[in-house]
Amino acid sequence: MMRVGVVALVLAMATGTRTAAQEPQPDRTLPAQLSASTRATLERLIDSARVAGLPVDPLYSKVREGVFRSADDARVIAAVQRLGRDLGDARSALGDSAAGEEIAAGANALRAGIKPADLSRLRESRGRRGDHPLTVALVVLADLATRGVPPAMAAASVNELVARNVSDGSLMSFRQNVERDLVGGRPAASALDARTKSLIDDAERRRP
Amino acid sequence: MSEPDKSPNPRWLNEISDELREGVPVRAAWRSRLLDEVAHARRPSADDTYDDRADDTSVGIPDPARPSRGIVLRPLTALAAAVLFAALGAGVTYATLSARGGTAVARSDAPRSAGRGTTLASAARTGDRDDRETVRFTLTAPNAAHVAIVGSFNEWNPVATPLVRDPATGMWIVSLRLPPGRHVYAFVVDGNVKADPAAPRAADDDFGSSNSVVLVSGSAS
């Protein structure tokens, strides 16, 4: 009788806790279009990333993107492996305290050609501002490098802006302005230099 | 010719043990949760010292010098506690669900346009966990017959989220409620995948063309 009571107690606690903790989670199943062996391989890769403390939603998204784009299984596996490595490298560069979004954005910046040392420098510069995330700066960095701005130059500019406490909104405007200049035919180095100086001057003027 | 059975156990016992050795299918959500907990479990550090008196794993050998930690419950006490915890669990669940439902109805954010930098603005903090933000995606494609959006927020499903054409401007528009975070997406214009020309680009071109990025912030920035 006592055992029945204890079991009922444990069940009641487990049910209440589990139901209250349920959150709308992203779909973390693998598409049925992939073969069973591919799904097993992907599950192993994703489990390894999860155990390493890396964000796994970008990996699931990569799988689904591959299926949507009709990529063959080998290509999907290769893409997930590569992204997993990039996520690990980004986390190493940004530090263990980096948030999942920062790691994902950092991985993307690495893919765009930014060096891990540049990510670490960015983290050091932002470190003075407490826990404000670097996601926007990393997204801007990846975008600039993808549009043809030399990665080292893009990293130096964004790092300088971050070190001067330029806001996320201003960073996004900076990206748009550089993009506009590039579309207008201005050389990347010239566009980046001019827009960086303009933003720094603006920040200096606003300083009390 | 069948091989003689060398096992000392009866056949029925071997069959049962074989069956028990086979892997048990586990739901993906449970598996995912378990591995998340493993990932977040405290890792032993070099500073940890072994203390056999503090080792709770040696449950098989009772130490007469240590008082028993067992909990003795009377049947009626256990039953009363079970009822109490069940009521507590139901109460927490009800409170959680009520808070979510009420907020979903009460919230009415003005849509923000993707790719214009405004997606960085924060959703109003309401004290609950639903800090999704309405983001408006637009694409100028006056000659297109069909435009949809695919991305990490709709499982890259090309039929899940079509855009609607504004006949006056020729612009294709859709507004989506997105959770905070970094979302990767692309447009599908008459079957062709196309990055959003107004948004930051993602550098991942594993499958051909590159995608776009939209950031939704759930906290003040």
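If you scan region A:145-166, which residues turn out to be within 14 Å of chain B (Cβ to nearest Cβ) and surrounded by 15 or more Cβ atoms within 10 Å (Cβ to Cβ)?
Within region A:145-166, A:Ala145, A:Thr146, A:Arg147, A:Val149, A:Pro151, A:Ala154, A:Ala155, A:Val158, A:Val162, A:Val166 qualify.
Would you tally the residues in region A:104-124 being within 11 Å of the chain's Cα centre (by Cα) and of a type in the set (Asp, Glu)?
0
Evaluate region A:71-86: report whether one residue or more is farther than 27 Å from A:Ser37 by Cβ, within 12 Å of chain B (Cβ to nearest Cβ), hydrophobic (A, V, I, L, M, F, W, C) and part of a helix (DSSP H, G or I). Before the answer, list the steps.
Restricting attention to region A:71-86, the residues satisfying the condition of being farther than 27 Å from A:Ser37 by Cβ are none.
Within region A:71-86, not a single residue is farther than 27 Å from A:Ser37 by Cβ, within 12 Å of chain B (Cβ to nearest Cβ), hydrophobic (A, V, I, L, M, F, W, C) and part of a helix (DSSP H, G or I).
Looking at region B:169-213, which of its residues are on the phi > 0 side of the Ramachandran plot, outside any strand (DSSP E or B) and either within 12 Å of chain A (Cβ to nearest Cβ) or touching a Leu at 6+ places or on another chain (Cβ under 6 Å) (or both)?
Residues satisfying the conditions are B:Gly191, B:Gly208.
Determine which single condition A:Ser120 fails, assuming it passes every other condition in (1) assigned to a helix (DSSP H, G or I); (2) within 14 Å of another protein chain (Cβ to nearest Cβ); (3) not β-branched (Val, Ile, Thr).
(2)
Hey, among A:Val149, A:Val166, which residue is assigned to a loop (DSSP other than H, G, I, E, B), closer than 22 Å to B:Val184 by Cα, among the aliphatic types (A, V, I, L, M) and more than 17 Å from the chain's Cα centre (by Cα)?
A:Val149 is the lone residue from the list that is assigned to a loop (DSSP other than H, G, I, E, B), closer than 22 Å to B:Val184 by Cα, among the aliphatic types (A, V, I, L, M) and more than 17 Å from the chain's Cα centre (by Cα).
Readers should treat all values here as calculations from the given coordinates under stated rules, not as data from a laboratory. Nothing here was measured: the structure is a model prediction, and the numbers come from that model. Note that we place each Cβ from the backbone using ideal geometry, even for glycine, and neighbour counts take in every protein chain shown.
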